[in-house]
Amino acid sequence: MADVDIVNVEKTFSGGKEDSPFTVFQDVNLSVDSGEFVSLLGPSGCGKSTLLNIVAGLDEATAGKVTSDDKAIVKPGPDRGVVFQEPALMPWLNVKENVKFGLKKHKLSKEEAEDRAVHFLKLVHLGKFMNAFPHELSGGMKQRVAIARALAMNPDVLLMDEPFGALDEQTRSMLHEEVQSIWEETKKTILFVTHNIREAILLSDRIVLMGTRPGRIMEVFDVNIERPRKTSDPDFITLEERINDQLKGEIHKVMREEMGDGYGGA
Amino acid sequence: MGTAVRRLIFFASLLILWEAVYQLNTVYEFRSDALPSFLLTLQQLYVGFFETQILLDATVQSIYRIVVGFIIAVIVGTAIGIWLARSKIADETVGSLVIALQSIPSIVWLPLMLIIYGSVGTGPIITVVALAGAWVMISNMRMGIKSVDPLLLRASRTMGYQGSELVWKVMIPASIPTFLSATRLAWAFGWRALMAAELLGTGGLGRTLMDARDFYNFELVISIMIIIATIGLIMEYFVFNKIERRVFHRYGLESQG
Ligand SMILES: Nc1ncnc2c1ncn2[C@@H]1O[C@H](COP(=O)(O)OP(=O)(O)O)[C@@H](O)[C@H]1O
Ligand SMILES: [Mg+2]
């Protein structure tokens, strides 16, 4: 397992020829402990994906440093598994081959790779669909393949960018249970991006609330509620309201800036 | 009544009508020169394939030329297309040359090739066929590689793929549907270019067609046209369509074919 340290990180997009540079966030500091489940929560456009992509090594920080177990992150690597909002499965590979596709850097024998793919597909309850092609699966099933693929890589850190954002409510709550039990079993370090407050409270040890314009970390909430959590738990509701109040202020701010004086919200 | 039955009846009627016009003309002579007969055309086909073997040889020669030209077009076109998609410098220079040359009708290359090869043999004709197919291979492969879903590439990078591995394991497999559509076009363009080139050059179905005209052999002209159409139909509708449909289905795409 591994921890992640984000120190004074800034991200500025240089923009096109006409556009001026755009700073998404500055001086972001965050430490995620080994085995911890941390959610990044915030309004759309505040830089959650950008921050996650920097940890993934897909994007480069303009300033500051990001390390995993004290090693600087400079490029993507199989020590950090990523699950995107879209499943990103290879359409020409069947479900099992898609999971094995992620095992390339593991130098496994054919049988070992096979066993590993089968094991993780069973873990996400897709044992019956090993030979199906992605286009034959529902959105939720595809996302489960993507999760199995990321888990099979056995990464130290699992990065998830609104992995259930595109799914319906029922599929989502089923996947919440699956992710929780997988996390309890494997004790992976998980950085989870969402804009859904309940989802964040349900799953996380800590919730990092991000604000926008400028992007920044506004507040970090510890979630000290016994697992498995219930949305009806009074502590759950109290925390949900606290976060909601903060988030609302941010969203109003965005709306006011975008719509000018015509915006009537409080 | 199924589509197949309707089609069969339509074509049978057409052939009967054809033969009827021929027979009527022998009686009433509304056209002083002879008209072709369907039955004599069939006979020409039989004789040409099984007795004199003129048609058989010509067909074999034409198929040899299209196959070689097509394979060259696919290999060279795919390689250049991928190269243009991957290298900005190549795209800005060679890419614009390709666009310029693409607008030249392929048969226009024949005189140049005849001079370069110094003979009217198979070489210049195969080169024209390859040129006819190469442009569409290049431009489609270039687009295919460029339009690979960037998310697939990002996801693959997080799984440790980089550099040429991304090309071989992601970009190329992801562009297979584009590749197939391009090969179908390359074949169709190559086949048309081959016939034009053979009409002006030597050997093959095209030259035999011109010879038949010189002998004023009406039925032979039509038999050769039938062979040309049949080969085109078989390749485009049976071979390419079948492969394309199967592969498109696997990728979860709709085939236009
Ligand atoms: N490649 C890019 N070039 C320029 N601006 C970008 C780019 N990617 C993201 N942005 C901008 O950065 C901000 C944060 O984006 P993102 O991290 O996707 O937000 P979130 O995931 O929180 O919705 C947005 O305003 C977005 O427009
Ligand atoms: Mg995002």
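Every read-out reported here was derived from the displayed coordinates using simple, explicitly stated rules and does not represent laboratory data. If you're wondering where the values come from, they're calculated on a predicted model, not measured in any experiment. Here Cβ is always computed from backbone atoms with ideal geometry, including for glycine, and neighbour counts include all displayed protein chains.
Descriptive notes on the structure:
- Computed E for A:Asp19/B:Ile104 - FRET, C-beta separation, R0 45 angstrom, nearest 0.05: 0.65
- Principal axis dimensions, the protein assembly as shown - Cα atoms, whole angstrom, descending: 104, 61, 54
- Amide H to amide H, with H built 1.01 Å from N, A:Phe25 comes under 5 Å of A:Lys11, counting only residues 5 or more places away or on other chains.
- Simple spin-label estimate for B:Trp168 and B:Ala20 in nanometres, 7 Å along Cα-Cβ: 6.5
- Here each label is just a point 7 Å from Cα along the line to Cβ, and for B:Leu97 and A:Asp168 those points are 5.6 nm apart.
- Virtual paramagnetic centre 7 Å along Cα→Cβ of B:Ile231, amide N under 19 Å, in the stretch B:158-195: B:183-195
- Average other protein chain Cβ within 10 Å of Cβ, residues A:105-111: 1
- Largest-first principal axis extents, alpha carbons of chain B, Å: 80, 56, 31
- Length released on extending from B:Leu112 to B:Val67, taking residue separation times 0.36 nm less the Cα-Cα span: 14.0 nm
- Two-site FRET efficiency, B:Val239 against A:Glu136, from Cβ-Cβ distance with R₀ of 25 Å, rounded to 0.05: 0.40
- Gyration tensor verdict on the stretch A:1-95 (Cα atoms; rounded if a/c is under 1.5, prolate if a/b is larger than b/c, oblate otherwise): oblate
- Each of the peptides B:5-15, B:116-126, B:89-99 was scored by the mean count of other Cβ atoms within 10 Å over its residues; in descending order, highest first, they stand as B:116-126, B:89-99, B:5-15.
- Length released on extending from B:Lys146 to B:Phe215, taking residue separation times 0.36 nm less the Cα-Cα span: 19.6 nm
- The relative contact order of chain A, computed from alpha carbon pairs under 8 Å that lie at least 6 residues apart in sequence, is 25 percent.
- Cα-based helix-to-principal-axis angle, A:169-186 vs chain A, degrees rounded to 10: 70
- Per-residue [θ]222 nm for chain B (sum of -39500 (n - 2.57) over DSSP H runs n ≥ 4, rounded to 500): -24500 deg cm²/dmol
- Reachable aspartates and glutamates from A:Lys11, criterion Cα separation under 18 angstrom, eight or more residues apart if same chain: A:Asp19, A:Asp27, A:Asp59, A:Glu60, A:Asp161
- Least to most buried among B:Tyr251, B:Tyr237 (fewest other Cβ within 10 Å first): B:Tyr237, B:Tyr251
- Counting only residues at least eight positions apart within a chain, or on another chain, the aspartates and glutamates with an alpha carbon under 14 Å from that of A:Lys104 are A:Asp79, A:Glu112, A:Glu114, B:Glu165.
- Peptide A:69-80 - average C-beta neighbours from other chains (10 Å radius): 2
- Note on B:Ala90 and B:Tyr28: the model spin-label points, each 7 Å out from Cα along the C-beta direction, lie 6.5 nm apart.
- Straight-line cross-link partners of A:Lys107 among the lysines, defined as a Cα under 25 Å from its Cα and at least 8 positions apart when in the same chain: A:Lys71, A:Lys75, A:Lys96, A:Lys122, A:Lys187, A:Lys188, B:Lys169.
- Length added when fully stretched, A:Glu185-A:Glu219, from 0.36 nm per residue minus Cα-Cα: 9.3 nm
- Rounded FRET efficiency, nearest 0.05, which uses the C-beta distance separating A:Glu177 from A:Asn29 and R0 of 30 Å: 0.40
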